[in-house]
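> Submitted below is the structure of interest, expressed as structure tokens.
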Amino acid sequence: MSEQKIHKTLIIGSGPAGYTAAIYAARANMDPVLYTGLEPGGQLMITTDVENYPGYPDGVKGPEMMDDFRKQAERFGTEVNYDTVVKVDFTGPVHKVWTEGGKEIHAHSIIISTGASAKWLGLESEKKFMNRGVSACAVCDGFFFKDTKVAVVGGGDTAAEEALYLSKLCPEVNLFVRRDEMRASKIMQERVFKSENIIVHWNTETEEIIGEEEVEAVRVFNNKSGEKKTIPVKGFFVAIGHTPNTGIFKDWLEMDDSGYLLTKGKSTRTNVEGVYASGDAQDRIYRQAVTAAGTGCMAALDAERYLTEKGII
């Protein structure tokens, strides 16, 4: 029976963080192997136009951009595997993981870039108009709805931030809050209430998003009175939170109450030596492609220092 190979670096997850980590790791002689996960390319695979990533002056389709990232990682020798890591064991200096396809992989260092998934309302019309007026990121897509009326769903800080951001671009922002109060911090609520073009609809839930090819309106109902109304909007932003894809690490790595991985200081180091966290799996604040790529770079550099100190590279 052949001895189990120990890889220098294993990257769990793709997207801007994972592929950037792979590019840096491959160029640093770390021979990275990458497992893409359930959604190769991450959230950008369901994003049509990306106009805020440097280096693409005319914008780029999300899937095309991720294909560019993958090709660049492979060009330097990254081994990309289309499989999902479903179990980990971080007990020893050599870390072990198992994939859905039944492979057992050993590695000296691990970079986690499993991302986070946006929470959705679960409406059929929400799926129908994805990238055709429906979005989960105002900073990413708000510019496309400049000078139009839009709606935001949610009552927490994320929804308040999205509404305030859109209020600088749009003449009218309708904020649908399910309860008769917001969960957002007091300071965020004050900013929302002071904004003249944000209309807060209390006890309001979405019944259906309406349109032909693109979003044209939204039908909502008051969950106290049952009253329904249709509001014309071009953009519909769902801001009810994100779920970090970190469940398989809960017995091993420190995370906050929402499941975001905790890192040490300004580094990407986790509480386990040789394990690093990057991208939206550890970033609950910025959640942008460019910041994810930045932390992917940081994770590769942190892992490189670790491998050098251990005499592995």
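The values are calculated or read from the model by the stated rules, or taken from the named source; none is laboratory data. Please read all numbers here as calculations on a predicted model, not as lab measurements. Because the Cβ atoms are built from the backbone with ideal geometry, glycine has one as well, and the counts that use them run over all protein chains shown.
> Please go through segment 57-112 and pick out each residue that is among the polar types (S, T, N, Q) and free of Cβ contacts under 8 Å to residues at least 40 places away in the same chain. Don't jump to the end; show me each part of the working.
Just the residues of segment 57-112 that are among the polar types (S, T, N, Q), to begin with: 72, 78, 81, 84, 91, 99, 109.
T91 - this is the single residue of segment 57-112 that is among the polar types (S, T, N, Q) and free of Cβ contacts under 8 Å to residues at least 40 places away in the same chain.
> Related question: Restricting to segment 174-210, what's the tally of residues that are part of a strand (DSSP E or B) and farther than 15 Å from F237 by Cβ?
In the first step, residues of segment 174-210 are kept if they are part of a strand (DSSP E or B); the result is 174-176, 198-201, 204-210.
Keeping just the survivors that are farther than 15 Å from F237 by Cβ gives 205, 207-208, 210.
Number satisfying all stated conditions: 4.
> Shifting gears a bit: Among the residues in segment 63-78, are any in the same structural domain as A300 (by TED's automatic domain parsing) and within 15 Å of the chain's Cα centre (by Cα)?
The initial filter retains those residues of segment 63-78 that are in the same structural domain as A300 (by TED's automatic domain parsing), namely 63-78.
From the residues that got through so far, the ones that are within 15 Å of the chain's Cα centre (by Cα) too are 63, 66.
Yes, segment 63-78 has at least one match.
> Right, something else. Regarding segment 139-149, can at least one residue be identified that is touching an Asp or Glu at 6+ places or on another chain (Cβ under 9 Å), modelled with pLDDT of 95 or more and crowded, with 24+ Cβ neighbours inside 10 Å?
No, because not a single residue in segment 139-149 is touching an Asp or Glu at 6+ places or on another chain (Cβ under 9 Å), modelled with pLDDT of 95 or more and crowded, with 24+ Cβ neighbours inside 10 Å.
> Which condition breaks for E254 when tested against (1) charged (D, E, K, R); (2) closer than 25 Å to T206 by Cβ; (3) at pLDDT 95 or above?
Checking E254 against (1) charged (D, E, K, R); (2) closer than 25 Å to T206 by Cβ; (3) at pLDDT 95 or above, the one that fails is (2).
> All but one of (1) surrounded by fewer than 22 Cβ atoms within 10 Å (Cβ to Cβ); (2) touching a residue at least 40 places away in the same chain (Cβ under 8 Å) hold for A281; state the number of the condition that does not hold.
(1)
> Related question: Pick out the one residue from K103, K149 that is charged (D, E, K, R) and out of contact with any strand residue (DSSP E or B) (no Cβ under 7 Å at 6 or more places or on another chain). Please lay out each step first, then the result.
Values: K149 fails: out of contact with any strand residue (DSSP E or B) (no Cβ under 7 Å at 6 or more places or on another chain).
Just a single option satisfies the conditions, and that option is K103.
> Another question, if that's okay. Can you tell me which residues in segment 1-18 are more than 14 Å from the chain's Cα centre (by Cα) and of a type outside the set (A, V, I, L, M)? It would help to see each step written out before you state the result.
Kept after step one, since they are more than 14 Å from the chain's Cα centre (by Cα), are these residues of segment 1-18: 1-12.
Scanning segment 1-18 gives S2, E3, Q4, K5, H7, K8, T9.
> Criterion first (surrounded by 20 or more Cβ atoms within 10 Å (Cβ to Cβ) and in the same structural domain as F129 (by TED's automatic domain parsing)) does V233 satisfy it? Before the answer, list the steps.
Details: surrounded by 20 or more Cβ atoms within 10 Å (Cβ to Cβ): yes; in the same structural domain as F129 (by TED's automatic domain parsing): yes.
It is true that V233 is surrounded by 20 or more Cβ atoms within 10 Å (Cβ to Cβ) and in the same structural domain as F129 (by TED's automatic domain parsing).
Yes/no matrix, rows are residues, columns are (1) surrounded by 15 or more Cβ atoms within 10 Å (Cβ to Cβ); (2) over 24 Å from K234 (Cβ atoms); (3) out of contact with any Gly (no Cβ under 6 Å at 6 or more places or on another chain):
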{"residue": "T91", "(1), (2), (3)": "no, yes, yes"}
{"residue": "A107", "(1), (2), (3)": "yes, yes, yes"}
{"residue": "S117", "(1), (2), (3)": "yes, yes, yes"}
{"residue": "V153", "(1), (2), (3)": "yes, no, yes"}
{"residue": "A163", "(1), (2), (3)": "yes, no, yes"}
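> Of the residues T263, T243, T295, T291, which is under 22 Å from A138 (Cα atoms) and in contact with a strand residue (DSSP E or B) (Cβ under 7 Å, 6 or more places away or on another chain)? Quick ask: steps written out before the conclusion?
Working: T263 fails: under 22 Å from A138 (Cα atoms); T295 fails: in contact with a strand residue (DSSP E or B) (Cβ under 7 Å, 6 or more places away or on another chain); T291 fails: in contact with a strand residue (DSSP E or B) (Cβ under 7 Å, 6 or more places away or on another chain).
None of the other options fit; the residue is T243.
> So, one more: Among (1) assigned to a strand (DSSP E or B); (2) surrounded by 20 or more Cβ atoms within 10 Å (Cβ to Cβ), where does A73 come up short?
With respect to (1) assigned to a strand (DSSP E or B); (2) surrounded by 20 or more Cβ atoms within 10 Å (Cβ to Cβ), A73 is out only on (1).
> Based on this model, can you work out whether D49 counts as modelled with pLDDT under 95 and over 30 Å from G311 (Cβ atoms)? I'd like the intermediate steps shown before the answer.
Values: modelled with pLDDT under 95: yes; over 30 Å from G311 (Cβ atoms): yes.
Yes.
> I would also like to ask the following. Step by step: first the residues of segment 34-70, then only those that are assigned to a strand (DSSP E or B) and of a type in the set (A, V, I, L, M, F, W, C), then the one that is farthest from A289 (Cα to Cα). Which residue is that? Full working, then the answer.
Residues of segment 34-70 that are assigned to a strand (DSSP E or B), as a first pass: 34-35, 49-50, 60-61.
Applying the additional criterion that residues be of a type in the set (A, V, I, L, M, F, W, C) yields 34, 50, 60.
Numbers: L34: 18, V50: 9, V60: 13 Å.
Top of the filtered list is L34.
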